[in-house]
Amino acid sequence: MEERYDPKKIELKWQNYWAEDNIYKTERDSLRKKFYCLEMFPYPSGEIHMGHVRNYAIGDVIARYKRMRGYNVLHPMGWDAFGMPAENAAIKHGVHPSKWTYMNIDNMKKQLNRMGFSYDWKREVTTCNPEYYKWNQWFFLKMFEKGLAYKKYSYVNWCPSCATVLANEQVIDEKCWRCESVVIQKRLEQWFFRITHYAEELLQGCDELKGWPERVVLMQKNWIGKGEGVEVDFAVEGIEEKLRIFTTRPDTLFGVTFMCLAPEHPLSEKLIKDKDQLDSVKAKYGKEDEKVGLFTGYYAINPLNEDKIPIYVANFVLMEYGTGAIMSVPAHDQRDYEFAKKYDLPIKVVIVPENKSEIMKEAYEDEGILINSGQFSGLRSDIARKEIIKFIENKGYGKSVVNYKLRDWGISRQRYWGTPIPIIYCNKCGIVPVHEKDLPVILPEDVKLTGKGGSPLLESEAFLNTDCPKCGGKAHRETDTMDTFVDSSWYFIRYCFKKGDIYLKSEIQNPESEIKYWMPVDQYIGGVEHAVLHLLYSRFFTRVLRDIGLLNISEPFQNLLTQGMVVKDGAKMSKSKGNVIDPNYLIEEYGADTSRLFSLFAAPPEKDLDWSDKGVEGAYRFLHRLWGIVYRYRDKIENTRDRTNNILNLQPSAAGLCRKTHQTIKKVTTDIEREYHFNTAIAAMMELLNEITSFEPESDSDWAVFRFTIENLLLLLSPFCPHITEEIWVAMGNKPSIFEQKWPEWDEEIAKEEKIELVIQVNGKLRSKLMITPGISEEEIKKMAIEDQKTKEIIGAKAIKKVIVVKGKLVNIVI
RNA sequence: GCCGGAGUGGCGGAAUUGGUAGACGCAAGGGACUUAAAAUCCCUCGUUCCAAAAGAGCGUGCCGGUUCGAGUCCGGCCUCCGGCACCA
């Protein structure tokens with residue numbers, strides 16, 4: 001052991017040792033309980049940032065802690081390697097996305113290893129590897145078979161300048177993230193995954209997510225957006241067709257004064273002869289605030305009261321939700337109200353508030369009593385709703401339906417750097433799936449990336465032209481690639497296997513499968529920005545894979561920890577703001593242990609972490625002091641082989657330190673177990689070090705306590721700061737590795753304080769304190785409190801009304 | 001607009017079921033060591049009154065309530081952050 005704490009030197013030394021010793025490799029072991037600890041894998045941008053450091057430090061502490069608790073821990077890492085930045089780099093610098101990506105992976109892997117994270121690299125996943133994306137294609141085929149993958153026309157975000165489709169995430173304030181052109185909606189034929197098939201199950205499953213943050217579960221519920229209502233058919237005067245609408249408020253059916261169709265509704269095109277006028281409404285479709293409508297000239301008949309009501313086409317009606325047509329009740333819906341005011345349509349009140357009546361300035365959307373509603377007048381609206389539904393269903397006017405806001409997942413991307421969709425188009429046979437034995441459909445390397453738009457795969461003759469698997473005739477391949485969210489929807493399943501080719505087909509219905517052994521993920525850790533997208537897609541995939549027979553569970557992630565952002569000066573770290581802290585600099589300056597310690601100490605994991613250069617110094621000082629004290633007493637410690645636990649024969653100061661050690665073991669353990677409160681766990685270890693510093697050992701038994709305390713502190717600290725603890729552990733004469741040690745245990749008897757402080761309150765105000773022995777009777781405590789000198793002075797001649805004793809804590813005297 | 005979350009010293013944050021508000025760390029001030037600086041160590045550190053100490057008053061966004069006792073529970077607001085948003 002050297003005098004100076006040199007993090008760089010010892011960290012590199014142990015990282016090499018651990019790597020050579022293969023200390024993190026994981027094997028199936030049915031004798032031990034498994035624990036699957038997973039952090040969201042990174043996009044290989046080339047450099048890790050503070051968000052990664054924090055995310056992976058949290059995961060690493062959990063993985064190491066669970067390992068020491070005796071669990072068989074799976075702790076893998078990989079790369080979300082497909083995606084646009086690689087393509088953009090290729091366009092800008094002329095380097096192939098593949099080369100760029102693998103270079104970045106190389107670099108980031110070094111950086112992660114430099115942080116001392118305990119990953120089993122034998123299970124590394126790289127999504128742009130054909131061995132991986134082959135299974136994306138296989139899942140696609142399975143879903144195609146089951147009708148869960150299908151192709152349809154739909155509106156997509158289109159950037160006219162780049163001439164390409166953009167994902168929703170790539171549209172910022174209705175503009176293209178790259179060229180800032182205004183994005184338009186374009187109708188294109190695209191592949192979809194039928195996630196809506198599982199809408200109800202995904203919603204129900206939310207209640208099972210006990211280990212998830214409530215807000216994430218709520219966001220998922222809102223996103224799925226279940227709406228229960230009724231579909232009602234209205235006859236249209238003069239034509240045969242019925243007009244079907246969806247409403248959640250059948251209690252307002254008597255207040256309908258007009259109908260609205262979405263501009264894309266089939267009837268709109270049929271009823272409006274002037275196409276230019278219809279197009280002008282279409283142009284205002286969607287997110288416009290202004291309500292625009294066009295009278296069709298046709299009337300519908302309200303099946304409940306035979307009212308004749310005009311039919312409009314309106315820009316605020318969405319084709320994608322419900323039936324694309326609505327009944328408008330301006331008295332009880334604010335949007336309908338605005339529309340009615342603008343086009344001077346009648347407003348008919350059918351619900352009044354139970355107590356008061358007032359002049360209408362806006363729609364009354366709350367519950368109330370029905371009026372002007374025929375046989376239903378006088379009913380409360382919630383009861384009327386049920387009665388009217390019953391009536392409608394009996395008469396055959398319509399039926400109860402459930403609608404969801406959740407849409408099917410559009411996975412087609414006109415991009416190069418992604419998984420090819422395994423579909424072939426044949427002039428004779430139409431859409432033909434690639435045969436399973438022909439997987440993977442390899443993404444060709446020799447393509448030109450210009451950034452001009454359109455998939456570069458269209459230019460690759462060798463890729464494009466193929467034979468039809470059905471008739472053998474000339475055919476061509478699908479050139480769209482899959483959304484990269486497909487890759488991340490099942491990567492946690494791929495980790496269940498070691499690197500190399502896998503064969504999932506043989507895992508179906510195999511009860512001994514690795515997947516069934518490791519899944520579900522016991523602890524998942526990542527940013528809250530994935531609350532809906534990635535986490536929802538993964539829940540969907542897990543259900544699809546369950547129905548294929550690969551899994552016997554429905555929820556992939558038992559417990560979810562969403563860590564906060566790393567912020568500086570109140571803003572998220574970003575290049576444009578110039579407030580980025582480079583982890584490389586931090587590691588170079590202070591070492592990995594300090595970087596890890598600070599990012600875990602400064603805030604609880606779920607909250608935002610405010611960066612502070614000075615705070616890092618504080619974390620460094622703690623490790624420095626630990627090093628210093630062990631170095632100072634190195635000879636004595638090494639010559640002491642006893643570790644004493646027997647508090648009875650000790651001097652008071654040694655007994656105190658021994659007690660504090662047990663208390664710290666308890667505090668650190670419970671803080672980790674209780675919602676991973678690492679910040680308070682670290683604070684407790686700092687307190688213990690403070691006590692060690694002021695302890696002056698003299699006798700042999702003092703030294704035995706000293707060694708006992710240091711060893712336990714090292715064990716407690718080892719998941720947080722693996723390098724320094726390993727170094728000191730070995731320097732004290734122990735064998736490596738400290739991670740093969742058991743997590744320490746505390747003795748409740750020793751941890752108990754000999755004397756406790758009793759607080760004396762008078763009328764709820766702190767007035768005095770007494771030292772007492774725990775376990776003395778309530779009567780005695782009362783007596784001691786009243787007879788206390790200071791209490792007496794305050795009470796004076798006043799009468800004592802009541803004395804409340806909280807055992808072991810305080811006495812409150814009411815006068 | 002709707003749905004969440006959060007407001008505690010100069011700062012990051014503690015306070016497990018209502019029971020000593022401010023643990024731990026940072027910053028600041030003072031001191032020791034040193035030719036000097038850095039590093040290290042020691043002391044002080046919510047605020048007001050008082051020269052200081054002792055002591056007392058006030059204090060967890062604001063107003064009110066429940067309670068012997070409220071940062072914590074209840075009612076009504078304010079501010080900030082996040083998500084969704086013409087979903088009929």
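The values are calculated or read from the model by the stated rules, or taken from the named source; none is laboratory data. What you see is a predicted model; the values in this text were computed from it and never measured. Cβ placement follows ideal geometry from the backbone for every residue including glycine, while neighbour counts extend to all protein chains displayed. Remember, those area values only see protein heavy atoms, side chains included, never the ligands or the DNA or RNA. Shrake-Rupley method; radii C 1.70, N 1.55, O 1.52, S 1.80 Å.
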Problem - Identity of the residue in the range A:765-811, under 22 Å from A:GLU754 (Cα atoms) and polar (S, T, N, Q), that ends up farthest from RNA strand B (Cβ to nearest atom) - result: A:SER777
Exercise for the section: Could you check, for the range A:340-360, whether at least one of its residues is away from RNA strand B (no atom under 16 Å from the Cβ), assigned to a helix (DSSP H, G or I), free of Cβ contacts under 8 Å to residues at least 12 places away in the same chain and open to solvent by 60 Å² or more (accessible area, probe 1.4 Å)? Expected result: no
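Can we say A:ALA475 is at pLDDT below 95 and closer than 22 Å to A:ASP446 by Cβ? Give the derivation first.
Working: at pLDDT below 95: no; closer than 22 Å to A:ASP446 by Cβ: yes.
So A:ALA475 fails the test.
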Exercise for the section: Provide a single number: the residues in the range A:159-199 that are surrounded by fewer than 20 Cβ atoms within 10 Å (Cβ to Cβ), under 26 Å from A:PRO433 (Cβ atoms) and modelled with pLDDT under 75. Expected result: 1
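Might you let me know whether the range A:669-689 holds any residue that is assigned to a helix (DSSP H, G or I), aliphatic (A, V, I, L, M), near RNA strand B (Cβ under 9 Å from one of its atoms) and over 34 Å from the mean Cα position of the chain (by Cα)? Please lay out each step first, then the result.
First pass over the range A:669-689, keeping only residues assigned to a helix (DSSP H, G or I): A:669-673, A:678-689.
If we keep only those that are aliphatic (A, V, I, L, M) as well, we get A:672, A:681-686, A:688-689.
Those still in the list that are near RNA strand B (Cβ under 9 Å from one of its atoms) too: A:682-686, A:689.
This time we only want the ones that are over 34 Å from the mean Cα position of the chain (by Cα), so: A:689.
Yes, some residue in the range A:669-689 is assigned to a helix (DSSP H, G or I), aliphatic (A, V, I, L, M), near RNA strand B (Cβ under 9 Å from one of its atoms) and over 34 Å from the mean Cα position of the chain (by Cα).
Mind listing just one residue for me: the one in the range A:293-318 that is in a loop (DSSP other than H, G, I, E, B) and surrounded by fewer than 19 Cβ atoms within 10 Å (Cβ to Cβ) and, of those, nearest to RNA strand B (Cβ to nearest atom)? Let's see the steps before the verdict.
Taking the range A:293-318 first, the residues in a loop (DSSP other than H, G, I, E, B) are A:302-307, A:315-318.
Checking which are surrounded by fewer than 19 Cβ atoms within 10 Å (Cβ to Cβ) leaves us with A:305-307, A:318.
Details: A:ASN305: 18, A:GLU306: 21, A:ASP307: 17, A:LEU318: 4 Å.
Among those residues, the one meeting the criterion is A:LEU318.
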Problem - Pairs with Cβ under 7 Å, 6+ apart, first in the range A:503-531 and in contact (Cβ under 8 Å) with a residue 24 or more places away in the chain and within 16 Å of RNA strand B (Cβ to nearest atom), second open to solvent by 40 Å² or more (accessible area, probe 1.4 Å) and not acidic (Asp, Glu) - result: A:ALA531/A:MET219
Practice task
Quickly run through the range A:695-735 and pick out the residues that are of a type in the set (D, E, K, R), farther than 22 Å from A:ALA654 by Cα and in contact (Cβ under 8 Å) with a residue 24 or more places away in the chain.
Solution key: A:GLU726, A:GLU727
Problem - Condition broken by A:VAL814, with the remaining ones in (1) at pLDDT below 85; (2) within 13 Å of RNA strand B (Cβ to nearest atom); (3) over 24 Å from A:GLU753 (Cβ atoms) satisfied - result: (1)
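Could you pull out every one of the strands (runs of 3 or more DSSP E) wholly within the range A:724-815 that has 2 or more residues that are surrounded by fewer than 11 Cβ atoms within 10 Å (Cβ to Cβ) and out of contact with any Phe, Trp or Tyr (no Cβ under 7 Å at 6 or more places or on another chain)? Working first, answer last.
Details: elements: A:756-762, A:765-772, A:802-806, A:810-814.
Fully inside the range A:724-815 and qualifying: A:765-772.
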Practice task
Report whether or not A:MET103 is assigned to a helix (DSSP H, G or I), open to solvent by 10 Å² or more (accessible area, probe 1.4 Å) and aliphatic (A, V, I, L, M).
Solution key: yes
Problem - Number of positions in the range A:627-668 that are more than 10 Å from RNA strand B (Cβ to nearest atom), in a helix (DSSP H, G or I) and open to solvent by less than 20 Å² (accessible area, probe 1.4 Å) - result: 12
Problem - Meets criteria (among the charged types (D, E, K, R) and modelled with pLDDT of 90 or more) for A:LYS742 - result: yes
Exercise for the section: Name, by its number, the condition in (1) near RNA strand B (Cβ under 10 Å from one of its atoms); (2) open to solvent by 70 Å² or more (accessible area, probe 1.4 Å); (3) hydrophobic (A, V, I, L, M, F, W, C) that does not hold for A:VAL580. Expected result: (1)
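Criterion first (modelled with pLDDT under 95 and under 28 Å from A:THR542 (Cα atoms)) does A:VAL156 satisfy it?
Working: modelled with pLDDT under 95: yes; under 28 Å from A:THR542 (Cα atoms): yes.
Spelling it out, A:VAL156 is indeed modelled with pLDDT under 95 and under 28 Å from A:THR542 (Cα atoms).
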Completion exercise
A:GLY591 fails exactly one of (1) on the phi > 0 side of the Ramachandran plot; (2) open to solvent by 70 Å² or more (accessible area, probe 1.4 Å); (3) more than 13 Å from RNA strand B (Cβ to nearest atom), namely (2)
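Yes/no matrix, rows are residues, columns are (1) assigned to a loop (DSSP other than H, G, I, E, B); (2) aromatic (Phe, Trp, Tyr); (3) modelled with pLDDT under 95:
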residue	(1), (2), (3)
A:CYS37	no, no, no
A:PHE41	yes, yes, no
A:GLU47	yes, no, yes
A:HIS52	no, no, yes
A:ASP60	no, no, no
A:VAL73	no, no, no
A:GLU87	no, no, yes
A:ILE91	no, no, yes
Practice task
Go through (1) within 12 Å of RNA strand B (Cβ to nearest atom); (2) within 26 Å of the chain's Cα centre (by Cα); (3) over 30 Å from A:ASP207 (Cα atoms); (4) open to solvent by 30 Å² or more (accessible area, probe 1.4 Å) one by one and return the number of the condition A:TYR620 breaks.
Solution key: (2)
Exercise for the section: Might you let me know whether the range A:537-552 holds any residue that is at pLDDT 90 or above and farther than 30 Å from A:ILE508 by Cα? Expected result: no
Problem - For A:PHE720: the one exception among (1) touching a Phe, Trp or Tyr at 6+ places or on another chain (Cβ under 9 Å); (2) within 9 Å of RNA strand B (Cβ to nearest atom) - result: (2)
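Restricting to the range A:106-146, and then to whatever is part of a loop (DSSP other than H, G, I, E, B) and either modelled with pLDDT under 95 or acidic (Asp, Glu) (or both), can you tell me which residue is surrounded by the most Cβ atoms within 10 Å (Cβ to Cβ)? Give the steps one after another, and end with the answer.
Taking the range A:106-146 as the starting set, the residues that turn out to be part of a loop (DSSP other than H, G, I, E, B) are A:115-120, A:124, A:127-129, A:146.
Still in the running and either modelled with pLDDT under 95 or acidic (Asp, Glu) (or both): A:120, A:124.
Numbers: A:ASP120: 21, A:GLU124: 19.
Applying the filter and picking the extreme gives A:ASP120.
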Problem - the range A:231-280, subset within 11 Å of RNA strand B (Cβ to nearest atom) and among the β-branched types (Val, Ile, Thr), residue most open to solvent (accessible area, probe 1.4 Å) - result: A:THR248
Practice task
For the range A:419-426, indicate whether the set of residues that are in contact with a Gly (Cβ under 7 Å, 6 or more places away or on another chain), aromatic (Phe, Trp, Tyr) and touching a residue at least 24 places away in the same chain (Cβ under 8 Å) is non-empty.
Solution key: no
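I'd like the residue in the range A:690-705 that is more than 7 Å from RNA strand B (Cβ to nearest atom) and part of a helix (DSSP H, G or I) and, out of all such residues, is most open to solvent (accessible area, probe 1.4 Å). Outline the logic, then answer.
Taking the range A:690-705 first, the residues more than 7 Å from RNA strand B (Cβ to nearest atom) are A:691-692, A:695-705.
Those still in the list that are part of a helix (DSSP H, G or I) too: A:691-692, A:700-705.
Values: A:GLU691: 76, A:ILE692: 0, A:ASP700: 120, A:SER701: 43, A:ASP702: 7, A:TRP703: 15, A:ALA704: 4, A:VAL705: 0 Å².
By that ranking, first place goes to A:ASP700.
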